[in-house]
């Protein structure tokens, strides 16, 4: 199994965990069970208890992971959303030039701004030991670290595609 396929399989598992967290949260909320589990000492990420807010935070975190991390793979597989009507019916060289222009005009500047900002965002969460204010998950820097990681994967995928497009555009 290729690395990309393993990543996709892992993200599919994350979606199953996400759905399970939703079901557990709904059932516990219906039966007014909160906290769901308590611990004598702090555990990583969850602190001293798993609460309804912890499950809600977990849902958002898993959604972010499943949505952002595969972006680079989706880009490399040419499965991302695009405006195909612009180059529909055109020659391969013209399509490559249009895609190359899109990468250089839109994707590169966006990533040049977003990557440093996302890194600063994560560092602030790390240095302030940011956690949920309402009994949710602790260590929010973990999920915030997915942003620069996912953007870095996407930047790598776009760089690879841009090199391919340079060759195809000639």
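The values are calculated or read from the model by the stated rules, or taken from the named source; none is laboratory data. What you are looking at is a predicted structure, and each value in this text was computed from that prediction instead of being measured. We place every Cβ from the backbone using ideal geometry, glycine too, and count neighbours over all the protein chains shown.
Tabulated data
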{"quantity": "Members of the stretch 73-89 found to be buried (at least 17 other Cβ atoms within 10 Å of the Cβ) and over 16 Å from residue 102 (Cβ atoms), listed by number", "calculated": "73"}
{"quantity": "Qualifying positions in the stretch 142-153 - farther than 13 Å from residue 64 by Cα and crowded, with 19+ Cβ neighbours inside 10 Å", "calculated": "153"}
{"quantity": "Pair list, Cβ under 6 Å, 6 or more apart: the stretch 97-124 residue in contact (Cβ under 8 Å) with a residue 40 or more places away in the chain, other residue part of a helix (DSSP H, G or I)", "calculated": "99/165; 100/165; 103/158; 103/162; 107/158; 111/155; 115/151"}
{"quantity": "For residue 109: the one exception among (1) buried (at least 18 other Cβ atoms within 10 Å of the Cβ); (2) modelled with pLDDT of 85 or more; (3) over 19 Å from residue 36 (Cβ atoms)", "calculated": "(1)"}
{"quantity": "Those residues of the stretch 30-69 which are assigned to a strand (DSSP E or B) and surrounded by fewer than 17 Cβ atoms within 10 Å (Cβ to Cβ), in sequence order", "calculated": "37, 38, 39, 40, 41, 42, 43, 48, 49"}
{"quantity": "Residue within the stretch 147-156 that is over 19 Å from the mean Cα position of the chain (by Cα) and in a helix (DSSP H, G or I) present", "calculated": "no"}
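Residue-wise test of (1) modelled with pLDDT of 90 or more; (2) in contact with a strand residue (DSSP E or B) (Cβ under 7 Å, 6 or more places away or on another chain); (3) under 21 Å from residue 129 (Cβ atoms).
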site: 9; (1), (2), (3): no, no, no
site: 20; (1), (2), (3): yes, no, no
site: 23; (1), (2), (3): yes, no, no
site: 29; (1), (2), (3): yes, no, no
site: 32; (1), (2), (3): yes, no, no
site: 46; (1), (2), (3): no, no, yes
site: 57; (1), (2), (3): no, no, yes
